[in-house]
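The values are calculated or read from the model by the stated rules, or taken from the named source; none is laboratory data. The structure presented is a predicted model; accordingly, all values stated were derived computationally and were not measured. Methodologically, a virtual Cβ is constructed for each residue, glycine included, from the backbone with ideal geometry; neighbour enumeration extends over all protein chains shown.
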Amino acid sequence: MMRKIGLVAWREYMDNVRTKGFWIGILAFPLIIVLSATVPILLTKAKEARNYAVLDHSGFALAEVEKRILADDLGVVLEAAAQRYRDGSQAWDRLPSPVKAAGRVYVSIAEAERQALIAALAVVEADAYLADEVAVQVPELAAGLAEWWRQVSAEELDALDLELSRSRYARVAVPDVPDPQAALSQMVNDGELFAYFVIGADIVERDEGCKYVSLNLTDQDLRGWFARRVSQVVRARRIEREGIDLKVAGWLQESVLFKARKVDKRGSQVEISSVDTARQWAPMVFVYLLWVAIFTNSQALLTNTIEEKSTRVIEVLLSSVSPFELMAGKIAGMAASGLTVVGTWAICIGIGLAVVPGMLGGKDASFGGIIVDPLYLLSFLFYFLSGYLLYASLLVGIGSVCNSLKEAQNLMLPILIPLMLPLMAMVLVSQDPNGTFARVMSFIPLFTPFVMMNRAAGPPPLWEYLATTVLMVVSVYLAVRGAGKVFRIGILMTGKPPRLREIVRWMVLKEGVNPSEGEGV
């Protein structure tokens, strides 16, 4: 019996791997992952800078906003320069002289002083928090940086691998005409401007007269970016008007920060790294892979069964093997091809997680360790096999009683709905892997593979792993046995397919009983 099942499985496996669809399936998923990760980045880089203008009736807001924009950009530039200086990379040598001069000073001072240095460089004035030997260099450094910042182009920033606001937004001077608003509106209509801002005359008191004018109502990035900086300027002016000390005001606005920690097995508190966070969400990736693998392979098995039945190939095969041997072999063969596909996907993802962070200059390239975690791999292997066997048994049973895919669609609905629910609950289960909802879902056989895989980061108690393992083994046994009865009866059946209620009745028939006559066969 096992030899015949093995022969059928090998035939099924080889028939699959020889098809173009199999290789397309292997290559498509990694390609989609690569494209989804790289295309948005490439599109963002290819996106042209938004030209905007500012009509400032306040007389001060725009100049103050420019200083804050400069401060934000200098923070990015000096942090990048410091990293390249410490690494001793060639990227440091490519930086312009003003940036390298400021970068050396930035590296030499304590971290607490760095924000003060950036603020001093942006407003071209020394700060009381800076040491005298640093403060004395500020005017010269600030002048050089400001000159470079005003003249640098988006192309030069790309070449230096620096992501500044200048790369995304470019301010255009307001035309010197009697009616500047009308001129700016015309420039927006002509496509010369993406948008323009109007700042009211008494913006500190109220925002009356403040406007944002654009033809694009969906892209709100520019509006939010500029509005945040204007709000900072206005807030500072209001604090100054009320006579509140700036340092006191800053202290009053400071948020309380709760540093995240986790408790290890010894009960000690340890810091949470980016890898820990990724590990918590990693099961969602495995669940999605699991769902895709089970869905595609089960569907392929259903389609294959219906095709072979409609072309009478089944009748030839049944002359050499029993219905159960044929069904078991087909399920095993598709499982092997499914594992081949999923294994290839896992290898590609593992290589990507191990290599890409290092290529992008990330310090922590240990994300690849997540995908080879024995807990995740063993869980995935077991739940893939058990989930696939469960759904494949149900679908191959349906396929055996149908003569076309159109007939099968009506019978598949009760199976496809439970297959969709775990995806809908994926985020909820990840957020509370040991909650009541997740635990209840874990003991419903049609949901068990997906929910237990999703809970792996919890992780669930050992007894739940053991209980759900027993549950899945029993469920698969009953599903295979029931599907075998349906397959035996329906595989040679022609004409109108039976109703779902009749199929269920076949599943509970005793072995060797004819469903139409109720006698042994």
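Worth a mention:
- One residue stands out in the stretch 257-271 among those that are of a type in the set (Lys, Arg) and in a strand (DSSP E or B): the one that is nearest to Gly458 (Cα to Cα), namely Lys262.
- Residue check for Ile239: among the β-branched types (Val, Ile, Thr), in the same structural domain as Asp72 (by TED's automatic domain parsing), within 41 Å of the chain's Cα centre (by Cα) and surrounded by 17 or more Cβ atoms within 10 Å (Cβ to Cβ): no
- Condition met for Leu466 (without any contact (Cβ under 8 Å) to a residue 24 or more places away in the chain, within 26 Å of Arg488 (Cα to Cα) and surrounded by fewer than 17 Cβ atoms within 10 Å (Cβ to Cβ)): no
Residues checked against (1) more than 30 Å from the chain's Cα centre (by Cα); (2) among the hydrophobic types (A, V, I, L, M, F, W, C); (3) part of a helix (DSSP H, G or I):
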site	(1), (2), (3)
Ala408	yes, yes, yes
Met452	no, yes, yes
Pro460	no, no, no
Val473	yes, yes, yes
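- Whether a residue is of a type in the set (A, V, I, L, M, F, W, C) and assigned by TED's automatic domain parsing to the domain that holds Val341 was assessed, and Val285 passes this test.
- Of the criteria (1) under 34 Å from the mean Cα position of the chain (by Cα); (2) part of a helix (DSSP H, G or I); (3) not polar (S, T, N, Q), which one Leu162 fails: (2)
- Residue that is surrounded by the most Cβ atoms within 10 Å (Cβ to Cβ), among those in the stretch 203-218 that are free of Cβ contacts under 8 Å to residues at least 24 places away in the same chain and outside any strand (DSSP E or B): Cys210
- Matching entry among Arg228, Arg223, Arg238, Arg279 (being at pLDDT below 75, assigned to a helix (DSSP H, G or I) and among the basic types (Lys, Arg)): Arg279
- Of all residues in the stretch 67-100, exactly one satisfies the criterion of being touching a Lys or Arg at 6+ places or on another chain (Cβ under 8 Å), under 26 Å from Val233 (Cα atoms) and without any contact (Cβ under 8 Å) to a residue 60 or more places away in the chain, namely Leu78.
- Within the stretch 423-443, the set of residues being surrounded by 15 or more Cβ atoms within 10 Å (Cβ to Cβ) and either of a type in the set (S, T, N, Q) or under 22 Å from Leu378 (Cβ atoms) (or both) comprises Met426, Val429, Ser430, Pro433, Ala438, Arg439, Met441, Ser442.
Yes or no, residue by residue, for (1) at pLDDT below 80; (2) in a helix (DSSP H, G or I); (3) surrounded by 10 or more Cβ atoms within 10 Å (Cβ to Cβ):
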position: Val8; (1), (2), (3): no, yes, yes
position: Arg11; (1), (2), (3): no, yes, yes
position: Asp15; (1), (2), (3): no, yes, yes
position: Ile26; (1), (2), (3): no, yes, yes
position: Pro30; (1), (2), (3): yes, yes, yes
position: Ile33; (1), (2), (3): yes, yes, yes
position: Ser36; (1), (2), (3): yes, yes, no
position: Val39; (1), (2), (3): yes, yes, yes
position: Leu42; (1), (2), (3): yes, yes, yes
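- Only one entry in Lys100, Lys67 is assigned by TED's automatic domain parsing to the domain that holds Leu184 and in contact with a Phe, Trp or Tyr (Cβ under 8 Å, 6 or more places away or on another chain), namely Lys100.
- Lone qualifier among Pro449, Pro498, Pro433, Pro459 - being farther than 26 Å from Val401 by Cα and modelled with pLDDT under 85: Pro459
- Looking across the stretch 243-254 at every residue that is assigned to a loop (DSSP other than H, G, I, E, B) and modelled with pLDDT of 80 or more, the one that is nearest to Ala119 (Cα to Cα) is identified as Asp245.
- Of the residues contained in the stretch 130-139, none is found to be under 39 Å from the mean Cα position of the chain (by Cα), surrounded by fewer than 17 Cβ atoms within 10 Å (Cβ to Cβ) and not small (Gly, Ala, Ser).
- Restricting the stretch 184-202 to residues that are among the small types (Gly, Ala, Ser) and buried (at least 17 other Cβ atoms within 10 Å of the Cβ), the residue that is farthest from Phe60 (Cα to Cα) is Ala195.
- Search result, residues across the stretch 419-450 that are assigned to a helix (DSSP H, G or I) and without any contact (Cβ under 8 Å) to a residue 12 or more places away in the chain: Met420, Met424, Leu428, Gln431, Thr436, Val440
- Among the candidates Ala154, Ala146, Ala173, residue that is surrounded by fewer than 16 Cβ atoms within 10 Å (Cβ to Cβ) and within 19 Å of Leu62 (Cβ to Cβ): Ala173
- Yes/no for Ala71 being crowded, with 16+ Cβ neighbours inside 10 Å and either more than 32 Å from the chain's Cα centre (by Cα) or over 21 Å from Phe194 (Cβ atoms) (or both): yes
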